[in-house]
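The values are calculated or read from the model by the stated rules, or taken from the named source; none is laboratory data. From a predicted model like this one, the values you see are computed outputs, not experimental measurements. Every residue, glycine among them, receives a Cβ derived from its backbone with ideal geometry; neighbour counts consider all protein chains shown. For accessibility, only protein heavy atoms count, side chains too; no ligands or nucleic acids. Shrake-Rupley method; radii C 1.70, N 1.55, O 1.52, S 1.80 Å.
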Amino acid sequence: MTTSSQFLLTFLLNACWQILLVTVLAVFASWLFRNSPARYRHWIWVAALLLSFGLPLTTSSQLLKSAVVQRSAIATPATIEDEITPLIPTPSEKVTTTNASEPFLLSRTLGFVLFVGYLLILSYSTFRLFSAWFSARRLKLAACSIDQDERIAWAIERCTASLGSTDVQICTSTDIEAPVTIGARRPLVIFPDSLMSETDDEVLLSALGHELIHVKRRDYAFNLFYEILFLPLSFHPAAGLIRRRIRQTRELSCDELVAERILNAEVYARSLVQLASSVPTLRRLSATTTVGIADADILEARIMSLLKKSKLDTRKKRMILIGVSLLLLVPCFAAASYAMKFDLQPKATVVNQEPKQEKQRKEPDRTDVRGQMDMEKVREMKEKMEADPAFREEILRKQAFEIQARGLKQAALAKVARISMDQAIQIATAQKAGTVMQCSLEASHWKELGQLADDAVVFYQIQLVGSDDVETGGVTHIWVNAVDGSIVKTEKELPRKPRPE
């Protein structure tokens, strides 16, 4: 459960800024290709959708993989029965550290709100997708085949001569107001009954040619794939913008192909206007699964695009395409390294501190007394060193020897250790959740100064305070093998009871 919650939180919160970054880059890249064919802009927005899904998914997957590897590393710890008497480290050897790879912790209430909100949005989007798919399927089953019609046969022959052989069936339906294309393996072009009575052959040829272009490009299958890919991103407004731009540039691309291969651009533009006037709403049957001439509500932009000529030559287009590819990919890959990890805060154990505080008021503060005694010893030591030069030289010589011995000891330990201190802390906190107070690298036996014994065990001694230690006031000691990462021993140290007065 912890891994799944961390995975989902990391995916959601990183997707919030990564999708926005991809959208901004795609808007700028599309602007660079504003004078180029629409198919280039269509590719840009499709790439933006793939990156919007791939960036947060890759980040979260890497997190999940590292968590699984860590769990497998501590799932079968090696047990060592020998009693280990660790060396007592000096204060300079004890290191207080925190895990640099710890995730950002969110409150459980906020995490619950995010989970519920995301699941509601995802459920609603999934419901809409399935509803649209079933509606399109019912429309396909209810469509009626067209009898032998000379005008339809002439339009099909004209389009086939320009586009090549196309295996498609033409049907009619009273449930739609604009032509649509349904089906991936066996595509079906459905005309509204009102279009069958159209007397202008150019309008009929424009509608049929546009739908056959959809069939040639396999837009129905690609559109269904994009909608499925959009489902986990449906919570983000920028992802909705990317989906709209994919639809719009797809229709612009089909318009350009019709104008290039079937009809003159001016004639096709005039036919689009006539189709829009004959179908006032010009809306889609389904917002997701069908493709058709009325997919994008940008009639004016489509007319302007048909009448506008490209001003860039092939060489400039190629250079801009290379630049746009780098503009999209390089910042996105760089952004993946700045992804953050998130997780829920562990459940806090509420402990009644009033009895403990009352007890502390009654008992004298032994820490202050011990500190005063230590200060007196230090003062006496300084006075003796100032009065006796030989004693001062002896103390300085011992301090230099201790520093040298400590350096040799740490060098020998670091040479044997195979896991880092951060990894040892991760293993210890996975064994028992809590706050790490101290961590030091030690060994069980020494042959001589700076040389380990043959049976020596090198380990990390970690002191942490868990939720169950708050009430008792104890500290848990965990020894982690510095070579293979196994748990050597775990002990709980309870506070000493005060002596009876």
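Under the rule of at least 5 residues apart or a separate chain, name every residue whose amide H is placed under 5 Å from the amide H of Met437.
Gln463, Leu464, Val465
Can you work out the Karplus-derived ³J(HN,Hα) for every residue in region 250-259? Use 6.51 cos²θ - 1.76 cosθ + 1.60 with θ = phi - 60°, whole Hz, and x for glycine or proline.
Once θ is set to phi - 60°, the couplings for region 250-259 become 5, 5, 5, 5, 5, 4, 5, 5, 4, 5 Hz.
May I ask which of Lys377/Lys398; Lys398/Lys447; Lys447/Lys489; Lys341/Lys492; Lys382/Lys447; Lys409/Lys432 have a Cα-Cα span longer than 27 Å here?
Over 27 Å apart, Cα to Cα: Lys341/Lys492; Lys382/Lys447; Lys409/Lys432.
How far apart, in nm, are the 7 Å Cα→Cβ label points at Arg108 and Lys384?
Each label point lies 7 Å from its Cα, and together they span 5.6 nm.
What ranking of Lys377, Lys489, Lys216 comes out by heavy-atom accessible area, probe 1.4 Å, highest first?
Accessible-area ranking of Lys377, Lys489, Lys216, largest first: Lys377, Lys216, Lys489.
With every protein chain kept in place and ligands, DNA and RNA left out, what is the accessible area per residue of region 197-238? Probe 1.4 Å, answer in Å².
37 Å²
Using a 1.4 Å probe and ignoring any ligands, DNA or RNA, find the accessible area of Phe225 and quote it in Å² to the nearest 10.
Only protein atoms counted, so the area is about 100 Å².
Counting only residues 5 or more places away or on other chains, whose amide H sits under 5 Å from the amide H of Leu344 once H atoms are built in the peptide plane?
The answer is Leu106.
Give me the distance in nm between label points sitting 7 Å out from Cα along the Cα-to-Cβ direction at Leu119 and Ile403, one decimal.
6.1 nm
Have a look at region 152-192 and give its Rg and Dmax from the Cα atoms, expressed in angstrom.
11.0, 31
Can you put Phe104, Phe7 in order of accessible area, largest first, using a 1.4 Å probe?
Heavy-atom accessible area, descending, gives Phe104, Phe7.
Could you tell me the center-to-center distance, by alpha carbons, between region 137-211 and region 14-40 in angstrom?
Distance between centres, Cα-based: 34 Å.
For the pair His445 and Ala433, how long in nm is the line joining their label points, each one 7 Å along Cα→Cβ?
4.0 nm
Ranked from the most accessible area to the least, with a 1.4 Å probe and all protein chains present, what is the order of Val378, Val416, Val458?
Val378, Val416, Val458
Could you tell me which of Val215, Ile190, Leu205 has its Cα farthest along the dipole of region 186-226 towards the positive end, charges placed at Cβ (Lys, Arg +1; Asp, Glu -1), taken about the Cα centre?
Of the candidates, Val215 comes out farthest on the positive side.
Between His236 and residues 5 or more places away or on another chain, which pairs have amide H atoms under 5 Å apart, with H built 1.01 Å from N, and which residues are they?
Counting only residues 5 or more places away or on other chains, the set is empty.
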